[in-house]
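Taking it in order: structure first as structure tokens, then the write-up.
Please treat every number below as a calculation from the coordinates, not as lab data. Everything quoted here is computed from the prediction, not taken from an experiment. Positions of Cβ are backbone-derived with ideal geometry, glycine not excepted, and every protein chain shown enters the neighbour counts.
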Amino acid sequence: MSVRSEALEIIVQKSAEVLGVDASGLGKETTFESLGFKSANFVMVTTTLEDAFDVEVPFMEFKRNKTFGEAAEYVEELVES
């Protein structure tokens, strides 16, 4: 599994868990705004990603991504740099 795919899966699963929604309705086109993401939600997701990939995921940079797909791509760039 690629870093991007794994990151997307983590973002989907953690977002569903944090917001109490069904993960099957979430994907790379899902926007954080459409789910009403708050700062605390972003922190929980980035912390999970940091643990999974052993890389720092700057919260303020991460939340600039509009979609889950863009966020997964951002994490991939961090891991591979």
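Sorting 81, 39 by the number of Cβ atoms found within 10 Å of their own Cβ, with the fewest placed first, yields 81, 39. Spatial offset of the stretch 24-58 relative to the stretch 1-21 amounts to 7 Å, using the alpha carbon center of each. Here the dipole of the chain is about 380 debye; that uses its Cα centre as origin and unit charges on the Cβ of Lys and Arg (positive) and Asp and Glu (negative).
Here the scattering of the chain is modelled by Debye summation over its C-alpha atoms, one equal scatterer each and no solvent; at q = 0.12, 0.18, 0.19, 0.27 Å⁻¹ the log10 of I(q)/I(0) is -0.27, -0.63, -0.70, -1.57. Against the chain, whose longest principal axis comes from its Cα atoms, helix 3-19 is set at around 30 degrees.
With a simple spin-label model that places each label point 7 Å from the Cα along the Cα-to-Cβ direction, the separation between residue 2 and residue 22 comes to 2.8 nm.
Near residue 67, once Lys and Arg are set to +1 and Asp and Glu to -1 for all other residues with Cβ below 13 Å from its Cβ, the sum equals +1.
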